[in-house]
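*Asks:* Shown below is the structure under consideration.
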């Protein structure tokens, strides 16, 4: 290849076997989204840059990582960095939408950031959101949806959860009333508690003029269980701290003895380092991060309540409380790919090899496809042995060879390529063949 056509770092090409697994992940997540009453929607990848920049401070990492470009009209544009900002615009610009509005969207997003496990530059998000509901019951329902989504994928996960109001309230309780920007910076630092040592964190707090002794007090509080925090502060809690304690208490009450309860772990320093979150937040990790010798200590997705962003977009004064989450398809794919390493699943159920019987083979394929089977016909005019080798290489589970004798007798043999077993059927007995294939 003379020209530089290399795949850009952080972007990937997927061959059929790989893409089949990715499509299966989407299908299984979509099943759960629909069970919970969500409908599909789609938004543009290419956006006005002002839209992308509208809800973040100028120094936000997410804006530094945004792909910026312009069109022939010299307008400032960008590639979307997540699906939430475009979803917010969708609500704001479609006044006919009935509340509450529940949607899911699966699509590509782009960030020009460091490339590592779970962080590509082009990646796919599977988002599910609802607008118009304030009730913590909805937050609790998302805990169950999270559990069910990953259970449907065959993954055993841990849901780490917290509340941004609790974090803000604790900071204000310990340090006093602070400027909103300073509070935001403090929360972003707390979110790094699992990545930095206490000494490193204290040094970062010192840079924004936080008292060292009070930082020690904050870190001590953030090492406590929720019950201990509640016991320590509930009696005289007020304002945003009281709201945070009350909302977490209600979330725990709703999820007690539900499918999600055994997965949920209170994480007092979790903030989900994005400015938009206002209440409940959560992130998902594998319970056992070792998958066939590969370490997956990485977030598989997460979400939270963002009650202000759409309200501000609409700008009428009417409230649009919202909550949603994103499943990280790319990291989920990497995990499942390692879990099933060496297992290659074909997209085809049955391979038909004609020997001078093209018309009859074509008819058989049509009949089986009408029964919902995935069927391919050999069209390469090669020897049967080569056709069988092809079926083996492609991991096609069943093969039928149709010659003139089979057509004359009205009988064909369905061969199981793994076991070598053969099953004889009438050439038009599509239903019986389907039963054998589907029971494999």
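*Asks:* Can you give me the angle between helix 180-190 and the longest principal axis of the chain, using Cα atoms only, in degrees from 0 to 90, rounded to the nearest 10?
*Replies:* Helix 180-190 and the main axis of the chain meet at about 60 degrees.
*Asks:* Which FRET efficiency, nearest 0.05, do residue 35 and residue 395 yield, Cβ-Cβ r, R0 25 Å? Before the final figure, lay out the partial values.
*Replies:* On the way: r = 31 Å, r/R0 = 1.23.
With a Förster radius of 25 Å, E is 0.20.
*Asks:* Output the Kirkwood hydrodynamic radius of the range 350-438, Cα pairs only, in Å rounded to one decimal. Mind showing how you got there, number by number?
*Replies:* Numbers: mean 1/r = 0.0777 Å⁻¹.
In the range 350-438 this quantity evaluates to 12.9 Å.
*Asks:* Per Stokes-Einstein, at 37 °C and 0.692 mPa s, what whole-number D in µm² s⁻¹ belongs to the chain, with the Kirkwood radius over Cα pairs as the hydrodynamic radius?
*Replies:* Stokes-Einstein gives a translational diffusion coefficient of 130 µm²/s.
*Asks:* Could you tell me how far the Cα centroid of the range 100-122 sits from the Cα centroid of the range 200-263, in Å?
*Replies:* 29
*Asks:* Another question about this same structure. Using 0.36 nm times the number of residues separating residue 76 and residue 99, minus their current alpha carbon distance, what extension gain do you get?
*Replies:* 5.0 nm
*Asks:* Another question, if that's okay. Determine Rg/Rh for the range 1-159; Rg is computed over alpha-carbon atoms and Rh is the Kirkwood hydrodynamic estimate from the same atoms.
*Replies:* 0.99
*Asks:* For the chain, find the longest principal axis of its Cα atoms and tell me its angle to the long axis of helix 136-152, 0 to 90°, nearest 10.
*Replies:* Between helix and principal axis, roughly 30 degrees.
*Asks:* Per the Kirkwood formula on distinct C-alpha pairs, the Rh of the range 295-389 is how many angstrom?
*Replies:* On the way: mean 1/r = 0.0530 Å⁻¹.
In the range 295-389 this quantity evaluates to 18.9 Å.
*Asks:* Indicate, rounded to the nearest 5 percent, the antiparallel portion of the DSSP beta bridges found entirely in the chain.
*Replies:* 80
*Asks:* Could you work out the equivalent-ellipsoid semi-axes for the range 38-110, taking the square root of 5 times each eigenvalue of the Cα gyration tensor, largest first, in whole Å?
*Replies:* 23, 13, 12
*Asks:* Taking the simple approach of a point 7 Å from Cα along Cα-to-Cβ for both residue 50 and residue 297, what is their distance in nm?
*Replies:* Spacing of the two 7 Å Cα→Cβ label points: 4.5 nm.
A short reminder: the numbers here are calculations on the coordinates, not readings from a lab. Keep in mind the model is a prediction, meaning the values are calculated, not measured. Ideal geometry is used to build each Cβ from the backbone, glycine not excepted, and the neighbour counts take in all protein chains shown.
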